[in-house]
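The structure appears below as structure tokens.
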Amino acid sequence: MERFVVTGGKRLFGEVSVSGAKNAAVAIIPAVVLCDEPCRIENIPNISDVTLIATILREMGADVRRVDRNTLDIDPRPINTYVATGEAVRGMRASYYLLGALLGRFHNAKVALPGGCNFGVRPIDQHLRGFQLMGAHNELINGAIIESTTEGSFHGARIYLDTVSVGSTMNIMLAAVKAEGQTIIENAAKEPHIVDLANFLNSMGANIRGAGTDVIKIRGVEYLHGVTYSIIPDQIEAGTYMAAAAATRGKITVRNITPKHLESISAKLREMGCEVEEYDEAVVVDATRRPLNRVNLKTMPHPGFPTDCQPQFVALLTTVKGTSIVNESVWDNRYQYVNELVRMGANISVEGRLAIVEGGALTAAPVKATDLRAGAAMIIAALVADGTTSISGINYIERGYSDVVTKFQALGADIKKIYYPDHSGVATTA
Ligand code: EPU
């Protein structure tokens, strides 16, 4: 079993460069299925979710070549199936984007229900309702596979989302890009990766307007040409390092970012007493100047505070004197990791969507990452805890954070990956 082993007590100083955005990459790579020519995608993060989605495309016949660590060449033309039901599909959440992409290309799709991080029920009813309004018939087969078929035309439609949903906004966008006529998505999500997907599709010749607002209009086109496209920086990875710098009372420069995407995170850190300076493509977080104070926070769809930074900020708030109240308004059940922080001595009680955090000291303990961002929260807690913490379940963390050990080491953290035990029964490091 692999673990991260972290010895706490070191402030983070120095610079970290943020990788391409996971939640943009996992939509843009399947979006290439819609293209009529090969594409080159740059600034791809080096994470296992990308490896999985590339494997899925290969299994469907695409020619996928890794040019270097962060660049993929994808020729989607050899894909000759609309069926994606293999193990890799069930291993990640974002495989649901294949439904929209395959419907857009073949007007049919048969895709296994997605896996991914578990924070209670993760319905896809809004995705399916959108496809249905566009002329598809959806069927759940054996509770495990969605088949969307069309007889006659697959066409644009006016779709009002009942809930602001990132996945359904992007999936309907994919399905609509080549559908006949105009699709209007109302109450659309506005996350930076939605704008990035629209920019990618438009660069290939799609006609999408309004991405980044709550009304997106897509007029179907017949042909999409090949492009070279670079993915935006990862807002959540940046927010994670910013929270870690604050938790350790350090000072770091986070490079290769878009400051506008970080506004809610920077504002919350400033409210706590950190200094946050913004540059064109960098942000400096300085938590060395004064004691930090408690804050309340509520997660919301963009441009609100992102739910994907909630666990990291709860870990940070355990280090701050006083009572902070966190309200998770996006997911029903995103506090499973709290028990792990409590094992480290954190004083947190959860009441429905609220977490009430009393600041205090943390002590090292064996803990596990219960999901991707929960794992990031464990690293942050371990960086400030007294003693050496071992974190299991790190496969979750590696799903979404590029080179996390080397990036934290470069900031001065005492963190390593341990393969435990090896065949001799002794822990080894890498
Ligand atoms: N929802 C529905 N019906 C649907 C879709 C969503 O009721 O058909 C509800 C969900 O239950 C949830 C809310 O709407 O309460 C928002 O869900 P959304 O569809 O926005 O989430 P998602 O697309 O499944 C993506 C990210 C998540 C991130 C959320 C919210 C990907 C692959 N995943 O999930 O990222 O938490 O948006 O911003 O893009 C992560 O990166 O750690 C992660 C979990």
*How high is the relative contact order of the chain, given as a whole-number percent (alpha carbon pairs under 8 Å, six or more residues apart)?*
20
*Given labels modelled 7 Å from the Cα in the Cβ direction, how far is it in nm from MET300 to ASP68?*
4.1
*Among DSSP beta bridges whose residues both lie in the chain, state the antiparallel percentage, nearest 5.*
70
*Report, by chain and number, residues whose modeled amide H sits under 5 Å from the one on GLU15, excluding near sequence neighbours (fewer than 5 apart, same chain).*
THR253
*If you take all C-alpha pairs in the chain, what percent of them are over 34 Å apart?*
31
*Quick one: with all protein chains in place, what share of the accessible area of the range 216-355 is carbon or sulfur, to the nearest percent (1.4 Å probe)?*
47
*Once you have the alpha carbon radius of gyration of the range 266-352, what is it after dividing by 2.2 N^0.38 Å, with N set to its residue count?*
1.14
*What does the charge add up to near PRO301, with Lys and Arg as +1, Asp and Glu as -1, over the other residues with Cβ less than 12 Å from its Cβ?*
-1
*asked:* If I fit a long axis through the Cα atoms of helix 97-106 and take the longest principal axis of the Cα atoms of the chain, what angle between them do I get, 0 to 90°, rounded to 10?
replied: 10
_Global geometry of the range 251-304, whether rounded, prolate or oblate, following the gyration tensor of its Cα atoms and the 1.5 cut on a/c_ = oblate
*Among ASN108, ASN327, ASN80, which one shows the biggest mean-square fluctuation in a GNM of the chain, springs joining Cα atoms closer than 10 Å?*
ASN80
_Computed over the range 27-102: relative contact order in percent, which uses C-alpha pairs under 8 Å that are six or more apart_ = 39
*Theoretical gain in end-to-end length, THR363 to ASN347 [0.36 nm per residue, Cα-Cα removed]*: 4.6 nm
_Radius 10 Å from Cβ of LYS321, net charge of other residues (Lys, Arg +1; Asp, Glu -1)_ = 0
*Relative to the present Cα-Cα distance, how much length would full extension add between SER230 and ARG40 at 0.36 nm per residue of separation?*
67.5 nm
*Write down the Kirkwood hydrodynamic radius of the range 108-179, to one decimal in angstroms, obtained as one divided by the mean of 1/r over all alpha carbon pairs.*
12.9
*Mind checking the angle between helix 166-176 and the chain's longest principal axis? C-alpha axes, 0 to 90 degrees, to the nearest 10.*
20
_With every atom except the alpha carbons ignored, what do you get for Rg and Dmax of the range 82-213, in angstroms?_
13.8, 39
*Run a plain Debye calculation on the range 213-265 (Cα atoms as equal point scatterers, no solvent) and give log10 I(q)/I(0) at q = 0.15, 0.16 Å⁻¹, rounded to two decimals, same order as the q list.*
-0.64, -0.68
*What is the distance in Å between the Cα centres of the range 156-208 and the range 34-63?*
20
*To the nearest 0.05, how large is the calculated FRET efficiency for GLU271 and ALA410 if R₀ is 30 Å and r is the Cβ-Cβ distance?*
0.60
*Of the heavy-atom accessible surface of the range 72-194 (probe 1.4 angstrom), what whole percent is carbon and sulfur?*
46
_Between THR228, THR169, THR253, where does the largest GNM mean-square fluctuation fall for the chain, given springs only between Cα atoms within less than 10 Å?_
THR228
*Could you work out how far apart the two model spin labels at THR258 and TYR160 are, taking each label as a point 7 Å from the Cα in the direction of the beta carbon, and quote it in nm?*
2.9
*Please report the orientation-averaged projected area of the range 291-394, defined via the convex hull of its C-alpha atoms, in nm².*
6.0
*Can you give the accessible area per residue of the range 289-430, in Å², using a 1.4 Å probe?*
40
*Note the full-extension length gain between PHE13 and SER329 as 0.36 nm times their separation in residues minus their Cα-Cα distance, in nm to one decimal.*
110.5 nm
*Could you please state, rounded to a whole Å, how far the C-alpha centre of the range 354-402 is from the C-alpha centre of the range 214-267?*
23
*Considering amide H positions built from the backbone, and no H for Pro or chain starts, which residues 5 or more places from TYR160, or on another chain, come under 5 Å of its amide H?*
GLU186
*Specify the angular offset, from 0 to 90 degrees and rounded to the nearest 10, of the alpha carbon long axis of helix 372-384 from the longest principal axis of the alpha carbons in the chain.*
20
*asked:* Under 8 Å for C-alpha pairs, at least 6 residues apart: give me the relative contact order for the range 180-284, rounded to a whole percent.
replied: 21
*Taking the Cα-to-Cβ direction at LEU354 and at ARG289 and moving 7 Å from each Cα, how far apart do the two end points lie in nm?*
3.2
*If you project the alpha carbons of the range 171-294 onto their three principal axes, what span does each projection cover, largest first, in Å?*
59, 30, 19
*Could you give the semi-axes, largest first, of the ellipsoid that matches the range 1-148, computed as the square roots of 5 times the alpha carbon gyration tensor eigenvalues and rounded to whole Å?*
30, 21, 13
*With springs only between Cα atoms under 10 Å apart, run a GNM on the chain and tell me which of PRO30, PRO38, PRO123 wobbles the most.*
PRO123
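The values are calculated or read from the model by the stated rules, or taken from the named source; none is laboratory data. Owing to the predicted nature of the structure, the values given are computational and were not obtained by experimental measurement. Ideal geometry is used to build each Cβ from the backbone, glycine not excepted, and the neighbour counts take in all protein chains shown. Heads up: the accessible areas ignore ligands, DNA and RNA and are worked out on the full protein's heavy atoms, side chains in. Shrake-Rupley method; radii C 1.70, N 1.55, O 1.52, S 1.80 Å.
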